[in-house]
Structure formats: structure tokens, C-alpha cells
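Okay, structure first, notes after.
Coordinate-derived values only; no laboratory data. In this text the structure is predicted, and so the values were computed from the model without any measurement. As a convention, Cβ positions derive from the backbone with ideal geometry for all residues, glycine included, and neighbour counts pool all protein chains shown.
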Amino acid sequence: MKKKKKKIKKPQPITYPQQLSREEYFKSPIWFGEAPEFVDEINKASDSYIEIAKKNLQPDIDKRNKDNKTKGDFGNVYHSTTLIGDKKFKTLTDYIGATCHNLLLEMGFDMRGHQLFTTEMWVQEFAKDGGGLHTLHTHWNGHISGFYFLKASDKTSMPLFEDPRPGNVMNLLPELDKTKVTYASSQVHYKVQPGRMIFFPSYLPHQYIIDPGIEPFRFIHWNCQAIPKGVLNVVQEK
């Protein structure tokens, strides 16, 4: 008796979804906008701070120039003392604090048990002869940081932000087109002008590219921190 031959089923072709849905998580926001109404007032209020910073740094500049037979202030950054508590900056400080609070709410954080403080604020001006810069850094123990540009143009330095995910950076592939901001991008920069304001999470690594010294470059920098109200109550009771 002959055995029936079993039919061998042909393998089914591999199919792929015609269309995939994409969702995005763990994103890092950067907010920017224009607030030119503060520029003149804040520039004027900042002048004395920058003059003091220049005076304090001048002996070091003179020594360097004497030792190396160089001239000018190339490569220096004039950094003020704190601006917090100075009434001339109160309007700007209040504006920044309220905006940072709203941005944390926008990000999805519950702020009911926290109170936001502007813990640091200062003004900086890069060297007249160029070479001013900031190396890559973040701001510890903060939640929202930002810049307000007082003197800036397309001929000055600008902020450069970098990918905060070390796991992604260590495995990056070459970008297909560096002129476009894509998922492959590891850096993004923002052009600046007087009155431009930028807010970002304090964990976001950032730097300032080398300033060529063609036009003045001055900006306000700040950090805001949300502190638990329970901690504040303990401190007040003491």
C-alpha cells in the first residue's frame, strides 16, 4: 500500500508593517523668545558690575601680557558677582522666576510641594579682543537655567547645546546631513541678539563657542531651583 505524500507548505513571505506609529519619550526642551523691553535698563544696571569685574581681572591680564609679551585681554571672560538682591534687577528676576515655574508645570512636574527660587544670577562679558568662551558644562542642583542676551549679534559667540544622554553619544553613527537637526544630531546652536531669552533644563550640557572679538558680547545667566516646602518650613522654624 502506497503512503500518501505529505504536502510541504511553502514558507510564507516575511511581511513588514506598511506604516509604523512613532512615539517620543525622554525629550529635552529648549524654550526661546524675545523680551527686548528689559535690554536698555539691564544693560545700564550691568555696567558697574562689568567694570568691577574688569578691574579685578586687570592685574592678571597685565602679568600675562608682560610674561608673554602679548597685548590686550584676549581669551578672558568678565564675570560679575551675584545680581540677586539688587533692586535694579528685580523686575527681570521676577519675570524669570514666574516663567521658570510655568515651564516646570508645562514639563509635567507637580510643583505644589515645592517653591522655586532663583539661586544664582550673574552678568558676563567676553573679552574685547576676542577668545572668550565657555567649555561644556551643566549646572548642578538646579532645575531650570537660562540666558538673557544684552549685547550680541551674528558676529559674536553663541550657545551650543549637546545631547545629555551619554549612552546615545557613545554609540552615535555619522550624520547623513549635518545641516539638518535630526535624531542623529548631537549638538544644536542658537543664534542670538539683544533681547533674546533662552530657558532650558539645568541638566542640559551647554557651552559658548569662541568669540571672535568683532562686536561686544554680554549676557545674563541664571539658575533656578525648586526646593521642597517641608525643608523651607524646617529652616523657618529654626
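Structure values in brief
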| quantity | calculated |
| --- | --- |
| Stokes-Einstein D (µm²/s) once Rh is taken as the Kirkwood radius of region 52-166 over alpha-carbon pairs, at 37 °C in 0.692 mPa s | 191 µm²/s |
| Proximal charge balance of V169 [Cβ under 9 Å; K/R count +1, D/E count -1] | -1 |
| MRE, 222 nm, helices only [DSSP H, n ≥ 4, -39500 (n - 2.57), over the chain, to nearest 500] | -8500 deg cm²/dmol |
| Longest to shortest principal axis, alpha-carbon extents of region 80-139, angstrom | 47, 30, 14 |
| Reciprocal of mean inverse Cα separation for region 65-110 (Kirkwood radius, Å) | 14.5 Å |
| Highest-fluctuation residue, S46, S80, S186 considered, GNM on the chain with Cα pairs under 10 Å | S186 |
| Computed log₁₀ I(q)/I(0) - Debye formula, equal Cα scatterers, no solvent, region 1-79, q 0.16, 0.17, 0.23 Å⁻¹ | -0.91, -0.95, -1.11 |
| Sorted by Cβ neighbour density within 10 Å, fewest at the top, the residues W31, W122, W222, W140 | W140, W31, W122, W222 |
| Pairs from K27/K178; K90/K128; K66/K191; K55/K151 whose Cα-Cα separation, in the structure shown, is over 32 Å | K66/K191 |
| Three-way shape call for region 131-234 based on the alpha-carbon gyration tensor, with the a/c threshold at 1.5 | oblate |
| Selected from P216, P174, P228 as most flexible by GNM, with the chain as the system and alpha-carbon contacts under 10 Å | P174 |
| Whole-number percent relative contact order across the chain, with pairs defined as alpha carbons under 8 Å at least 6 apart | 29 percent |
| Most fluctuating residue given options D110, D40, D177, as computed from a GNM of the chain linking Cα atoms under 10 Å | D177 |
| For the chain, convex hull of alpha carbons as volume per residue, Å³ | 265 Å³ |
